[in-house]
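**Q** Sharing a structure here in structure tokens format.
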């Protein structure tokens, strides 16, 4: 795999790594393409402040680095939107205003609270069984993909499982097939894709996001657009477990993966 198109820098609240440190880390890993996708989570106040960056400062930092490393690595500039249904029009205008190469739409908040914060600190979250939290998350994700237009792929579809009390023990595609199928059909009908997010393995799950059964179902339903990212927040996490990517995708029926440049998909054969 030559590209990692989901990574964070200190423009995100949960990373301390500079963009240049991430670029150098990607070069050391032998990558040819990276895309920065820092968090833009409007109206997510669980950590005390919205997790948003100044887009003007973001591009002022990224564009010179793209030029500095041209010829050594292709640096693309993207964003990861924290979707909530009421933010659809705001994000539509935001994305159209800036020259992003790639836009990931992700669910980070449910019941009005950040998933990680809620599942670690909120009594309402903690008294609910995992199955209920997972279903709420997928219900809200379905509303997100129905209401939002300006995203290219849906990020880490079963991300919420990382934070459950019993994690994958209470999760399967079959258990939530009604919701997952509708999410996938909506994504496909809109001409969007999904991502293979390797951070599930980094967080100790026995699968990357989403579960292989979900990947297979996406392919069965006609899904073709699939990007690959490690969701790294520090250089050592770039291209995490990438030696497993081709096997995962090929076993689920894929022959190609996707990169985005100027919001346009490019299909590349799996190695």
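**Q** Obtain the nm distance between the two label points defined at residue 234 and residue 147 by a simple spin-label model: each point lies 7 Å from its Cα along the Cα-to-C-beta direction.
**A** Going from the residue 234 label point to the residue 147 one covers 3.6 nm.
**Q** Specify the inter-centroid distance of segment 63-133 and segment 158-176, based on alpha-carbon positions, in whole Å.
**A** 20 Å
**Q** Between 141, 111, 83, which gets the highest mean-square fluctuation from a Gaussian network model of the chain, Cα cutoff 10 Å?
**A** Greatest mean-square fluctuation among the candidates belongs to 111.
**Q** Averaged over every viewing direction, what's the projected area of the C-alpha convex hull for the chain? Give it in nm², one decimal, please.
**A** 12.8 nm²
**Q** Who wins for biggest fluctuation among 41, 130, 241 in a Gaussian network model of the chain, springs between alpha carbons below 10 Å?
**A** Comparing 41, 130, 241 in a Gaussian network model of the chain, the most mobile one is 241.
**Q** Moving to a separate point now. Quick check on the exposure proxy: order 266, 116 from fewest to most C-beta atoms within 10 angstrom. Show your work: numbers first, answer last.
**A** Working: 266 12, 116 17.
By the 10 Å Cβ count, ascending: 266, 116.
**Q** Counting only DSSP beta bridges with both residues in the chain, tell me the antiparallel percent, nearest 5.
**A** 30 percent
**Q** Let me ask something else about it. Cut-off 10 angstrom, C-alpha nodes, Gaussian network model of the chain. Which of 212, 19, 129 fluctuates the most?
**A** 129
**Q** With an 8 Å cut-off on Cα pairs and a minimum separation of 6 or more residues, tell me the relative contact order of the chain in percent.
**A** So the answer I get is 21 percent.
**Q** Segment 3-43 to segment 245-271: how many Å between their Cα centroids?
**A** Going from one Cα centre to the other spans 20 Å.
**Q** Strictly greater than 28 Å: what percent of every Cα pair in segment 1-151 meets that?
**A** 27 percent
**Q** Taking the beta-carbon count within 10 Å as an exposure proxy, list 46, 246 from fewest neighbours to most.
**A** 246, 46
Quick note: the coordinates plus some simple rules give every number you see, no bench work behind them. Because the structure is a prediction, the values reported are computed rather than measured. Positions of Cβ are backbone-derived with ideal geometry, glycine not excepted, and every protein chain shown enters the neighbour counts.
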